[in-house]
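Asks: Pasting in a structure now, in structure tokens, and then I'll have a few things to ask.
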Amino acid sequence: MGELGRACRLRDGKGALIVSTGIVSSTIFDIEEMLAKDGLDPEVLHFPTLSPFDSEALCEAARRAACIVVVEEHNRDGGLGSIVLETLADARILRFTTRIGTRFDPKLNYGTYHEATVNFGLRGAALADAILAACS
């Protein structure tokens, strides 16, 4: 899904930026209508790699956005969301930023990949609602 170390713009938009990595990037297309129905027209950037990381593409898109939502099927701590926050802080780009992802809990049975993404709200209406709440 692109060149090593380079972000891929999956969708042009305005006002909001969704930053994603992994398979969850494709789920953004599944909820486009839900987001549009509530007036959100986000740009979507997919990062195929976290190292190397395309800081330039992130900063360029972030400057155009009022809010940023990071979506990943990974632990929110130490993943893409952390890299995004660090990159924006270093570039002195301050935007409302929300991280949507998993949380490690040794007591949980995460189940299959599909079950885990549903349980953590990384699919369908739950994901759309979380993105809309982050940008309202």
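Asks: In Å, what is the Rg of the alpha-carbon atoms in segment 1-49, and how long is Dmax?
Replies: Final numbers for Rg and Dmax: 10.9, 34 Å.
Asks: On to the next question. If you keep only loop residues by DSSP, which trypsin sites (Lys or Arg not before Pro) in segment 22-108 have at most 10 other Cβ atoms within 10 Å of their Cβ? Can you show the working numbers first?
Replies: On the way: sites: LYS37, ARG63, ARG64, ARG76, ARG92, ARG95, ARG99, ARG103, LYS107; in loops: ARG76, ARG92, ARG95, ARG103, LYS107.
Listed in order of number, the matching sites are ARG92, ARG103, LYS107.
Asks: Say R0 is 25 Å: what FRET efficiency, to the nearest 0.05, do ASP129 and GLU3 get from their beta-carbon distance? The partial results should precede the final answer.
Replies: Values: r = 33 Å, r/R0 = 1.32.
Plugging the Cβ-Cβ distance into 1/(1 + (r/R0)^6) gives 0.15.
Asks: What are the ³J(HN,Hα) couplings of segment 111-116, residue after residue, when phi is run through the Karplus curve with 6.51, -1.76, 1.60 and θ = phi - 60°? Round to Hz, x for glycine and proline.
Replies: x, 6, 4, 4, 4, 5
Asks: Related question: In the chain, which cysteines lack any other cysteine Cβ under 4.7 Å from their own?
Replies: Among the cysteines of the chain, those whose Cβ sits 4.7 Å or more from every other are CYS8, CYS59.
Asks: Here's a follow-up. In a Gaussian network model over the chain where Cα atoms closer than 10 Å are linked, find which of GLY111, GLY121, GLY15 has the largest mean-square fluctuation.
Replies: Maximum fluctuation in the GNM of the chain, among the listed residues, is at GLY111.
Asks: Considering only DSSP beta bridges whose two residues both sit in segment 1-124, what percent are antiparallel, to the nearest 5? Intermediate values should be presented prior to the final figure.
Replies: Details: 4 of 20 bridges.
Given both bridge residues lie in segment 1-124, the antiparallel proportion sits at roughly 20 percent.
Asks: Same structure, new question: Can you compute the label reach from LEU108? Point 7 Å from Cα along the Cβ direction, backbone N cut-off under 18 Å, restricted to segment 11-31.
Replies: What the label zone holds, given the 18 Å backbone N cut-off, is 21-25.
Asks: Per-residue HN-Hα couplings for segment 17-28, Karplus 6.51 cos²θ - 1.76 cosθ + 1.60 at θ = phi - 60°, whole Hz, x for Gly and Pro?
Replies: Couplings: 10, 9, 10, 9, 8, x, 4, 4, 4, 5, 6, 4 Hz.
Asks: Please list, by residue number, every one of the chymotrypsin sites (Phe, Trp or Tyr not before Pro) in segment 39-136 that is coil in DSSP and has at most 14 other beta-carbon atoms within 10 Å.
Replies: Working: sites: PHE53, PHE96, PHE104, TYR110, TYR113, PHE120; in loops: PHE53, PHE104, TYR110, PHE120.
In loop regions of segment 39-136 (DSSP not H, G, I, E or B), the sparsely surrounded chymotrypsin sites (Phe, Trp or Tyr not before Pro) are PHE104, TYR110.
Every number in this text was worked out from the coordinates using simple rules, so none of it is lab data. Computed from a predicted model, the values in this text were never measured in an experiment. Glycine also receives a Cβ, built like all others from the backbone with ideal geometry; neighbour counts cover every protein chain displayed.
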